[in-house]
Each structure stands twice: as structure tokens, then as C-alpha cells.
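Trainee: If you scroll down you'll find the structure; I have some questions about it.
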Amino acid sequence: MSGILEMLKMGEYSTYVWPAYGLVITFLILNLLNIKWQKKRIYKQLEQFFKRQ
Amino acid sequence: MWNLLYQLASPKMFYQISGRIIPWVASLAITLLFIGLIWGLFFTPPDYQQGDAFRIIYVHVPSAFMSMSIYAFMGFLALLLLIWRIKLAGIILNVCAELGAAMAFLSLVTGSIWGKPMWGTWWIWDARLTSELILFFLYAAIIAVGNAYVNKEKGDKIIAILTLVGLVDLPIIHYSVYWWNTLHQGSTLAIFAKPKIDTSMLYPLLLMILGFALYSMFTILLKTRNELLIRGRHQNWVKKLVEGGVL
């Protein structure tokens, strides 16, 4: 347990290392979700577009 | 070769082929990123000078590398659009600009976070940092100009020209650490020279760079497919896809 805590502390740099990783991982996930949501929106828009035609 | 390129340039063909490639690229990207992250965070030894703060390299270098690689790729797309008039290149150009801007932003922020404990400051007007910031502004300008045009095809040509003009920033970023006396360290990796870091630290870095490259390819393909559907809504193949529910 103390070994894991020691690893998470990152020496004395945990306040720098974890936010950097957190930011990048958050971006990688949100970017993917955003593309997925965009696809859903486009699909609905196109369905309405073709119904109107 | 040219026939294959022209076939791929057809929106319908691109949509079909990319649909087959995406699952493979996505699986490989996620696997490499996962292994690279765990390896870099927990299984590499701390740096003898920087301690564990050096681990930021595993997110900073790949994002910086991608911010420049995506721009170089955009230069190639700009040529495809302006010389060979391949319209698909214009669509991918827009998609790449958004991802490139995000990568440049991540590179600047993670670099800043790394700089605080190592240099004692979040930011300095150093040649490498400033030229990377200019790259971010170039991306922002390309996105703004692209969005300003109602006629998207005309907008694509304008941003292609802007992209080609901005290419001059890439060698400046790369050689800034050699041309000027900078606080930023020299290149960690070079194609023709021996890497400056130990192999125990190098391998996860290479995995992360490859993971970021595949992730970028994966998201560019996904987003380009979305753009193709919007721009191709008057075409029959899009109508068939929507009515068949196979998007």
C-alpha cells in the first residue's frame, strides 16, 4: 500500500505530473465523445433533411 | 498510383474504405496509448536530475510532435487541393486544423506545467516556446478563416494558401533550440542520431508517439466522415446511407 502511495506521489512532483496527464487524457476522451455526438446530430439533421425532400 | 489516389479522393470511396480501416487503427491506438502511459508512469526509472517530473515527457513530446506533423500533413493536403484540385483534401484540411490546434495547446500547457518545477517559471519568451505559440495561432487563424466562409469550397482554397504560408514556422520550431540560446532543452530524438535518453525511457516514449499518431489518424478519419455527410447531403450515396441506417 505504501509502495503505491509512494508511486502516486511522483517524488515531490505529483502536483505537476498528474494535472498534465489528467489534461491530456481528458482531451483524448472528450474529443472522441464530441465526434460521436456530432455524428448523432448529423444523422438527425440528415434524416429531417431527406424527409422534407 | 495516381488512379488509386483519384479513387480514394472520391467521397463515397473514402467513406467506405475509412469505415473498414477505423476499427483497426482505433484498437491499435488505444492499446499503444494504454501500454505507453502505464509504462511511462510506473515502470521507467526517475531521471537523475529531474526526478519524476520528467514523466511529463510522455504526454508533452507526443503532443508537440503531432502539432508539427499534422501541420506538415496539412501542407501536403494544401498542395493536393491547389494543384490537383482534390476537394476531399480541403475537407481533411479543416478537420486537421482543429486537431492540430488542440495538440499545440496541449503541448504548450504540458510544457508550461513541466517548466514550473524545472525552470521556476510557467512561461518564458524562449525561441522554442514562442515559435510553438505562433503555430497555435496559425491553427487558430486557419480555423477562423475556414469558419468565416459560407462557400466552404472557396474557404478551403483560402486556408490552403494560409497553410502553405505558415509552413515556414515548422523549421523555425525544430531548429530554434540550435539557432538561439534557449532555456528549452535540445531535441530528445533525431532520425539520424543516437537518442539522448536511455532505452528504458525511450521505448515508452516511442509507443506514446506512435499511439498519438494513430489516435490522430483515427479521429481525423471519423471527423472527415462526418464532414463528408454534411457536405454531400445533396448526393445520392448519402441519401442511401441515411435511409438504410448504415452510418
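The values are calculated or read from the model by the stated rules, or taken from the named source; none is laboratory data. Fair warning: this is a prediction, and the values are worked out from it, not measured in the lab. Virtual Cβ from ideal backbone geometry, glycine too; neighbours counted across all protein chains shown.
Trainee: Looking only at the stretch A:1-28, filter to residues that are assigned to a loop (DSSP other than H, G, I, E, B) and aliphatic (A, V, I, L, M); which one of those is nearest to B:I56 (Cα to Cα)?
Mentor: A:M10
Trainee: Applying the selection to the stretch B:103-149, what residues are of a type in the set (A, V, I, L, M, F, W, C), without any contact (Cβ under 8 Å) to a residue 60 or more places away in the chain, part of a helix (DSSP H, G or I) and under 27 Å from B:Q50 (Cα atoms)?
Mentor: The answer is B:A104, B:F105, B:L106, B:L108, B:V109, B:I113, B:A127, B:L129, B:L133.
Trainee: Still on this structure, I have one more. Can we say A:L46 is more than 19 Å from B:H60 (Cβ to Cβ), more than 9 Å from chain B (Cβ to nearest Cβ) and not β-branched (V, I, T)?
Mentor: Judged against the criteria, A:L46 is not a match.
Trainee: Name every residue in the stretch A:1-20 that is facing another protein chain (nearest Cβ under 8 Å) and over 16 Å from B:P117 (Cα atoms), in order of residue number.
Mentor: A:M7, the sole residue that qualifies.
Trainee: Would you pick out the residues in the stretch B:166-198 that are β-branched (V, I, T) and assigned to a helix (DSSP H, G or I)?
Mentor: B:I172, B:I173, B:V177
Trainee: Moving on. Is it true that B:L33 is buried (at least 16 other Cβ atoms within 10 Å of the Cβ), facing chain A (nearest Cβ under 9 Å) and under 18 Å from B:L167 (Cβ atoms)?
Mentor: no
Trainee: Select from the stretch B:196-216 the residues that are surrounded by fewer than 18 Cβ atoms within 10 Å (Cβ to Cβ) and either in contact with a Gly (Cβ under 6 Å, 6 or more places away or on another chain) or not small (G, A, S) (or both) and list them in ascending order.
Mentor: Correct list: B:K196, B:I197, B:D198, B:T199, B:L202, B:Y203, B:L206, B:L210.
Trainee: Could you list, in sequence order, the residues of the stretch B:41-50 that are surrounded by fewer than 18 Cβ atoms within 10 Å (Cβ to Cβ) and facing chain A (nearest Cβ under 9 Å)?
Mentor: If the condition is that a residue be surrounded by fewer than 18 Cβ atoms within 10 Å (Cβ to Cβ) and facing chain A (nearest Cβ under 9 Å), then B:F42, B:P46, B:Q50 are the ones that fit.
Trainee: Any idea which residue in the stretch B:17-66 is nearest to the chain's Cα centre (by Cα), counting only those that are of a type in the set (S, T, Y) and modelled with pLDDT of 95 or more?
Mentor: Within the stretch B:17-66, the match that is nearest to the chain's Cα centre (by Cα) is B:S63.
Trainee: Which one is modelled with the lowest pLDDT among residues in the stretch B:119-169 that are basic (K, R) and farther than 22 Å from B:S187 by Cβ?
Mentor: B:K152
Trainee: So, one more: So B:F54 ticks every box in (1) under 27 Å from A:G22 (Cα atoms); (2) out of contact with any strand residue (DSSP E or B) (no Cβ under 6 Å at 6 or more places or on another chain) but one. Which box is left unticked?
Mentor: Here B:F54 clears every test but (2).
Trainee: So if I check each of A:K44, A:K39, A:K51, which one is part of a helix (DSSP H, G or I), under 25 Å from the mean Cα position of the chain (by Cα) and either surrounded by 13 or more Cβ atoms within 10 Å (Cβ to Cβ) or at pLDDT below 85 (or both)?
Mentor: Of A:K44, A:K39, A:K51, the one residue that is part of a helix (DSSP H, G or I), under 25 Å from the mean Cα position of the chain (by Cα) and either surrounded by 13 or more Cβ atoms within 10 Å (Cβ to Cβ) or at pLDDT below 85 (or both) is A:K39.
Trainee: So, in the stretch B:205-247, how many residues would count as being more than 14 Å from the chain's Cα centre (by Cα) and either small (G, A, S) or more than 13 Å from every other protein chain (Cβ to nearest Cβ) (or both)?
Mentor: Within the stretch B:205-247, residues that are more than 14 Å from the chain's Cα centre (by Cα) and either small (G, A, S) or more than 13 Å from every other protein chain (Cβ to nearest Cβ) (or both) number 6.
Trainee: Continuing with this model, one more query. Being of a type in the set (A, V, I, L, M, F, W, C), modelled with pLDDT under 95 and not in a loop (DSSP other than H, G, I, E, B) narrows it down to one of B:V246, B:V238, so name that one.
Mentor: The match here is B:V238.
Trainee: Identify, from the list B:A64, B:A53, the residue that is closer than 17 Å to B:M201 by Cβ and more than 10 Å from chain A (Cβ to nearest Cβ).
Mentor: Residue meeting the stated conditions: B:A64.
Trainee: Now a separate question. When you check B:I38 against the structure, is it facing chain A (nearest Cβ under 8 Å) and outside any loop (DSSP other than H, G, I, E, B), yes or no?
Mentor: no
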